[in-house]
Amino acid sequence: MAGGFGGPPPMGPHGFGRMKFDKNAQKPTITKAILFRIAKYFIPYWKQTILVMLILLITSVLGILPPIIIQHIVDTALPNKDMSLLVYLVLASLCTTIISGLLGVWQNYLNAYVSQKIIYDMRNQMYVHLQQMPLQFYSNVKQGEVITRMTSDISGVKAVFDSTIVSFANNLFILISTAVTLLVINWKLGILGLIIVPLFIIPTRKMGSVRWSISKQTQEKTSEQNHIIQETLNISGYLLMKLFTKEQKEFQNFDEINEQSTTLKIKESMAGRWFMMILTTFTSIGPMLIYLYGGYLFFNGEITIGAIISFVALLDRLYAPVGQLTNLYINIISSIALFERIFEYFDMKLTIKDRENATEMNVTHLDIEFKEVSFAYKQDKIALQNISFTAPSGTMTALVGPSGAGKTTITNLIPRLYDITSGSIKIGDRDIREFTLQSLRSHIGLVTQDSYLFNGTIKENLLYAKHDATDEEIINACKAAYIHDFIMELQDGYDTVVGNRGIKLSGGEKQRISIARVLLKNPEIIILDEATSSLDTLSEFYIQSAIQELLKNKTSIVIAHRLSTIMAADHIIVLKDGQIVEEGKNEELLKQNGLYTELYKKQFGKKAVVSIE
Ligand code: ADP
């Protein structure tokens, strides 16, 4: 197949800068509840956080010393030609700078420590939470979204700490210490310097809104972009794209989002520029006014030249933090939004969880009993209705029915991948919700049609079922699953890497490995979804033999697509549109001449029916 994207396609109708921005993108509300919730994450690191604040306080005071020292150099050391005082003052200035620098390094370490530890805690908490989310969540969530929240969103917490909390404290300390010093040096000049401050604050709110809305849209676009990457650049997506020759179409989708996100990024980086320009103008007006008014005071003998120089040097320490603090509003709402995104996941209910008084599954027999079970994936669409049957301990129950009848749904309800809407499912006369999920699932082995193998060696995939299995146990399981000889023929034997989702193996081989995996786990209940695809006679033989080994002496529920399995079943349940329409043994059902017979003829041909009859 001609690969590649065949050169860059045309740019498409959407030119850069064409996009409109939704200025009303919803801003988060800053509530006490969310602030408390954020603060909770800092509690374990309160000592380090307080230390950071203390260091900031000390460095803000130390920062005032060099301009004051300059004042003494200009006013005392230089006019008096006092060399030793000059050396002393220069050294003092140097020392304060070095101490500030060292403290700064320490503070950086503490910053990194606190933020990274919080990120660590959150990631762990999120991972465990996501592990417990019901299957339904993964059916609905967009590919890539979980990764975005786990990685970039949570990593954003570092920026929240640095640019919001630390930046706020730092700038506030600098502002207050400088303002007080200015007023002490000369209150008249001090007031003049401070008068300009409010001018910085006025345009801030407007700027905040614009930047907020752009950054929110940027985030959304990033997430969309990740989604496309995840959907198309993985094995299944890639195959789909290639086989339907959708490269161009997918590229266009990608290009569109990429372009929108680029436009947004350009807007984002330009959004503060005009504002910054105005700020810079204000900042340069300040010193001029000081020189003007300070010069006037100097002529009147009210102030020294050193004081004026020191004043102008200090002004910078006054305006820079005001500029930063005005941005703080944007940082705060962005931070809150970030935490809201993270908390949104934490707030998703774990619908399938252990009951408070859940116990180990300790039952005397393993009859699986469905009693008037109904289930709906979505409220208005019932997938199973009034299902009642018993799968007796140690027997095989086959589920048969057209596609979409609800067979998989029934099997998913037993290990509680979904919880039933009404009715009850019992194992050994006890409702499965009375058991801990861990213990319930440890008694069940599931072999699905699309056997999932992760990208590791065959051995690693097998050990997933029993981490401490010996080589002998592994080999025995593989022999029983009729896959050992095949594995031994491979160059690396059990150390062969299977590729993403086991792509390097055929469907039949994958299924036999997953049967071996369940054999190693050795659960009492087996749920098997037989492969529908037809296999060659030899593979078919191997699979059937492996399945026989798997089901020996077990309580099993099998979604049956094969004649041999149906024949071997102790009980057959025929489903249609989420309801049981017929049940019994093969011969009994064939006599009824109903849906079962119809399905049977379709799948195995009329001859098969005749030969059985
Ligand atoms: P079968 O295994 O018999 O082919 P399923 O149990 O997979 O049938 O599906 C039964 C019904 O439930 C179908 O209508 C299907 O569309 C629906 N369904 C299956 N899985 C989901 C899901 N995750 N979310 C919503 N509906 C689903």
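The values are calculated or read from the model by the stated rules, or taken from the named source; none is laboratory data. On a predicted model such as this, the values are computed, not experimentally measured, just so you know. Every residue, glycine among them, receives a Cβ derived from its backbone with ideal geometry; neighbour counts consider all protein chains shown. To get the accessible areas, we keep the full protein, side chains included, count just its heavy atoms, and leave off ligands, DNA and RNA. Shrake-Rupley method; radii C 1.70, N 1.55, O 1.52, S 1.80 Å.
Please specify each residue of the stretch 384-402 satisfying the condition of being open to solvent by 20 Å² or more (accessible area, probe 1.4 Å) and on the phi < 0 side of the Ramachandran plot.
Hits for the stretch 384-402 are GLN385, SER388, THR390, PRO392, SER393, THR395, MET396, PRO402.
If I ask for residues that are in contact with a strand residue (DSSP E or B) (Cβ under 6 Å, 6 or more places away or on another chain) and in a loop (DSSP other than H, G, I, E, B), which ones from the stretch 415-451 would you list?
To start, the set of residues in the stretch 415-451 that are in contact with a strand residue (DSSP E or B) (Cβ under 6 Å, 6 or more places away or on another chain) comprises 415, 420-427, 431-432, 443-449.
Within the stretch 415-451, PRO415, ILE420, THR421, HIS443, THR448, GLN449 meet the criteria.
Restricting to the stretch 402-414, name every residue that is in a loop (DSSP other than H, G, I, E, B) and under 20 Å from ASN553 (Cα atoms).
Of all residues in the stretch 402-414, those in a loop (DSSP other than H, G, I, E, B) come to 402-406, 414.
ILE414 - this is the single residue of the stretch 402-414 that is in a loop (DSSP other than H, G, I, E, B) and under 20 Å from ASN553 (Cα atoms).
Could you give me the residue pairs with C-beta distances under 6 Å whose first residue belongs to the stretch 398-418 and is touching a residue at least 40 places away in the same chain (Cβ under 8 Å) and of a type in the set (A, V, I, L, M, F, W, C), whose second residue is open to solvent by less than 10 Å² (accessible area, probe 1.4 Å) and near the ligand (Cβ under 8 Å from one of its atoms) wherever it lies, and which are 6+ apart or on separate chains?
Cβ pairs passing all conditions: LEU399/ILE559; ALA405/LEU575.
What pairs come out if I take residues in the stretch 377-392 that are free of Cβ contacts under 8 Å to residues at least 24 places away in the same chain and pair them with residues that are part of a strand (DSSP E or B) and more than 11 Å from the ligand (Cβ to nearest atom) whose C-beta lies under 6 Å away, six or more apart or interchain?
What qualifies is THR390/GLU369.
This table checks each residue for (1) aromatic (Phe, Trp, Tyr); (2) out of contact with any helix residue (DSSP H, G or I) (no Cβ under 7 Å at 6 or more places or on another chain).
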{"site": "THR49", "(1), (2)": "no, no"}
{"site": "VAL52", "(1), (2)": "no, no"}
{"site": "ILE69", "(1), (2)": "no, no"}
{"site": "ILE73", "(1), (2)": "no, no"}
{"site": "LEU86", "(1), (2)": "no, no"}
{"site": "VAL90", "(1), (2)": "no, yes"}
{"site": "TRP106", "(1), (2)": "yes, no"}
{"site": "LEU130", "(1), (2)": "no, no"}
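Quick check on my filter: what residues within the stretch 280-306 are surrounded by 20 or more Cβ atoms within 10 Å (Cβ to Cβ) and aliphatic (A, V, I, L, M)?
ILE290, ILE303
Residue under question is ASP468, and the condition is that it be open to solvent by 40 Å² or more (accessible area, probe 1.4 Å) and modelled with pLDDT of 90 or more; does it hold? Steps first, please.
Working: open to solvent by 40 Å² or more (accessible area, probe 1.4 Å): yes; modelled with pLDDT of 90 or more: yes.
Judged against the criteria, ASP468 is a match.
Whether any residue in the stretch 399-421 is more than 16 Å from the ligand (Cβ to nearest atom) and either farther than 30 Å from THR597 by Cα or modelled with pLDDT under 95 (or both) is what I want to check.
No, the conditions are met nowhere in the stretch 399-421.
Matching residues to (1) under 21 Å from LYS158 (Cα atoms); (2) of a type in the set (A, V, I, L, M, F, W, C); (3) surrounded by fewer than 17 Cβ atoms within 10 Å (Cβ to Cβ):
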{"residue": "ARG37", "(1), (2), (3)": "yes, no, yes"}
{"residue": "TRP46", "(1), (2), (3)": "yes, yes, yes"}
{"residue": "THR49", "(1), (2), (3)": "yes, no, no"}
{"residue": "ILE58", "(1), (2), (3)": "no, yes, yes"}
{"residue": "LEU65", "(1), (2), (3)": "no, yes, no"}
{"residue": "ILE68", "(1), (2), (3)": "no, yes, no"}
{"residue": "VAL74", "(1), (2), (3)": "no, yes, no"}
